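These notes are about the structure you will find just below.
The values are calculated or read from the model by the stated rules, or taken from the named source; none is laboratory data. What you see is a predicted model; the values in this text were computed from it and never measured. Ideal geometry is used to build each Cβ from the backbone, glycine not excepted, and the neighbour counts take in all protein chains shown. SASA here: full protein model, heavy atoms, side chains in, ligands and nucleic acids out. Shrake-Rupley method; radii C 1.70, N 1.55, O 1.52, S 1.80 Å.
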Amino acid sequence: MNEIIKSIYTAVLSGDMTTTQEQVEQAVGSGLTPADILQEGLISAMTEVGRRFEEGEYYVPEMLIAARAMKAGLTILKPLLAASDVQPLGKVILGTVKGDLHDIGKNLVSMMLEGAGFEIIDLGVDVPPDKFVEAVKSGGIDVLGMSALLTTTMPLMKTTIDALVAAQLRDQVKVIVGGAPVTQSYADDIGADGYAPDASRAASLAKSFVG
Amino acid sequence: MRQRVLAVLQGEKPDRTPFIDRIDFWYKGRTQVGKLPLEFQGMTLPEVHGIVGMGHQDWDYPYAIKYKKLEIILTFEGERIFQEVDPEITNFPTLWGWIPIDKPGVTTTELITPVGKLSFQHRLLKESISTGTTRPQMISHPIKDLHDFKIYEYIIENSEFVPRYEAFTHREDEIGDHGYLVPIIERIPFQHLLIDAIGELETFYMLHDNPKEFRRLLGVIDEQVTDKLKRLADFSAPYVEFTDNLDGFMTNPLLFQEYVLPAFQSYCEILHGQGKKVGDHTDGDLKAIVHLLPETDLDVCESFTPAPTTSCTFEEAWKLWKGGPIIWGGIASYYLEDRVSEVEFREHIEHLLQLIGDSPIILGVGDAVMSDNDIDRVRYIAERIENHPI
């Protein structure tokens, strides 16, 4: 691994935002391609963050701080990636279902997906089914992710999937679900394509759909 | 039911395992949407508890805090609804009981002090009203940046303890013997900052970026909590409970060991010295910290919500907590949902009761009986327990 790339990787892993930014700028200045800096520096580091989270070596704070460092580096790279026509891994719509204001889980998933190279369209919280449908209609969406924290709002996941079916959009997008009361069995029952118990696994799941 | 709870808390054997929890979400939600079963229509919540056979658990604060040199202003959807100087508040800054819960909307709270102003917002959705979970969600928190720390410190430092023991006793009498009014005390300092004052994710940024200021504020809150707990010596209750909504996903083992464990140990020492048993509202996912809870000196983990609602199974908590804390809760509300068959539900209850035997536990539904739950299953559990003396 290139020394600068290695220092980006290390800075992201330790959540050092300032060093990440400095090293990304240095990497750009040294002639490394934005795609390589993104893939080998930032995304590789976030993949390792995900692994450490799944293994219980990292917890939410470490994941959060690393994602912030990654984002700081990505801010520098974004215009360069656009100029060199580097495409994101895929496009993901995220939202907490109608009637539910909880956003922590969704925000963590957003960070990990961005860290995996996805473009995120975050619809926020209390998102009605028709808003999800409209977002899918806009085109180019690979994955739709829904979150719910309450057993009383979880049924809105099925309502949203039904709305996608009614709009004849169900085949155009993979639907993944998560949240405290949601289980794999529930995801299967409502016709979701996948379930993830945490943010890191949500990123792995989304990657499996676009790989 | 109260006697059964007290027996368990005092290490004695009750005649039946106490089965006591909340069905207010179910009751309010069903009432709101006109789906309260005919047999319960016209009944009060305590009457419903009586018919169903599950003890009536409720909470109240035995004290308030007077916040001196503070002006509080509440605005609901742009209209000023409350203004007071030197307010007495039982739950700061969650302000349950102050934020409107009868209509959806955003409530903005301003806290004005001589050293600056803080503001934060709660939001209530119409769905929260119709499902009975009328608890407005904090969508922004009082502390947003470093400058806000000193204002928050000022508010905490200029506060004084106001006992409301008579009001508590009056409510206790209202609840009667079929229930238990739990005297609640505020969150411990770390949970206070994490959930109320700063917010979860923002706390982690603050802790990383400004650890010195964070720890200083923790210390200020700790002094206030310690003082309050010492004053509770005059309050003759056998049991008090912290309202931490503890969750091992957010308060992970590292944070727990650094900030939570020492606080519990110190506070339990004070309260045990007053002859009180101590519990904590632990309704989150405890998987990551289940092994650490016995070290806290807590006597009860209340609202314990096992798998599949969380990733912590009843069996692992039961095994690890043999020497305490006692479980209050233990039946995931998942088993009261129609996605679980009647057979699976009954098998689960039998499995739990066999596992428990005559060991101490206060059975309940974690976190609560929800509006979409089957009340007949609650009744089944109550009858099953009633028909089987210990």
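Here A:18, A:96 are screened, and the one residue that is assigned by TED's automatic domain parsing to the domain that holds residue A:133 and either in contact with a His (Cβ under 9 Å, 6 or more places away or on another chain) or open to solvent by 40 Å² or more (accessible area, probe 1.4 Å) (or both) is A:96.
Just to be sure before I move on: is residue B:12 surrounded by fewer than 19 Cβ atoms within 10 Å (Cβ to Cβ), more than 14 Å from chain A (Cβ to nearest Cβ), part of a loop (DSSP other than H, G, I, E, B) and without any contact (Cβ under 8 Å) to a residue 24 or more places away in the chain in the structure I sent? When the stated conditions are applied, residue B:12 passes them. Here segment B:380-390 is the region considered, the condition is being open to solvent by 40 Å² or more (accessible area, probe 1.4 Å) and part of a helix (DSSP H, G or I), and the residue that is nearest to the other protein chains (Cβ to nearest Cβ) is B:380.
Restricting attention to segment B:162-211, which residues are within 14 Å of chain A (Cβ to nearest Cβ), open to solvent by 40 Å² or more (accessible area, probe 1.4 Å) and more than 20 Å from the chain's Cα centre (by Cα)?
Result: B:202, B:205, B:208, B:209, B:211.
Looking for something under 24 Å from residue B:123 (Cα atoms), within 11 Å of chain B (Cβ to nearest Cβ) and not acidic (Asp, Glu) - is there at least one such residue anywhere in segment A:156-178? Yes - at least one qualifying residue is present in segment A:156-178.
Residues in segment A:32-50: is at least one within 14 Å of another protein chain (Cβ to nearest Cβ) and part of a loop (DSSP other than H, G, I, E, B)? Within segment A:32-50, not a single residue is within 14 Å of another protein chain (Cβ to nearest Cβ) and part of a loop (DSSP other than H, G, I, E, B). Within segment B:358-374, the set of residues being open to solvent by 10 Å² or more (accessible area, probe 1.4 Å) and away from every other protein chain (no Cβ under 12 Å) comprises B:358, B:359, B:360, B:374.
When you go through B:294, B:308, B:325 one by one, which is the residue that is of a type outside the set (Asp, Glu), closer than 25 Å to residue B:232 by Cβ and open to solvent by 10 Å² or more (accessible area, probe 1.4 Å)? Quick ask: steps written out before the conclusion?
Numbers: B:308 fails: closer than 25 Å to residue B:232 by Cβ; B:325 fails: open to solvent by 10 Å² or more (accessible area, probe 1.4 Å).
None of the others qualify; the one that does is B:294.
Quick check, is residue A:57 open to solvent by 40 Å² or more (accessible area, probe 1.4 Å) and in a loop (DSSP other than H, G, I, E, B)? Yes. Residues that are without any contact (Cβ under 8 Å) to a residue 40 or more places away in the chain and hydroxyl-bearing (Ser, Thr, Tyr) within segment B:283-309 comprise just one, B:296. Consider segment A:51-64 and keep the residues that are of a type in the set (Phe, Trp, Tyr) and more than 9 Å from chain B (Cβ to nearest Cβ). The one that is farthest from residue A:207 (Cα to Cα) is A:58. Of all residues in segment B:328-349, those satisfying the criterion of being open to solvent by less than 50 Å² (accessible area, probe 1.4 Å), more than 14 Å from chain A (Cβ to nearest Cβ) and more than 20 Å from the chain's Cα centre (by Cα) are B:345, B:348, B:349.
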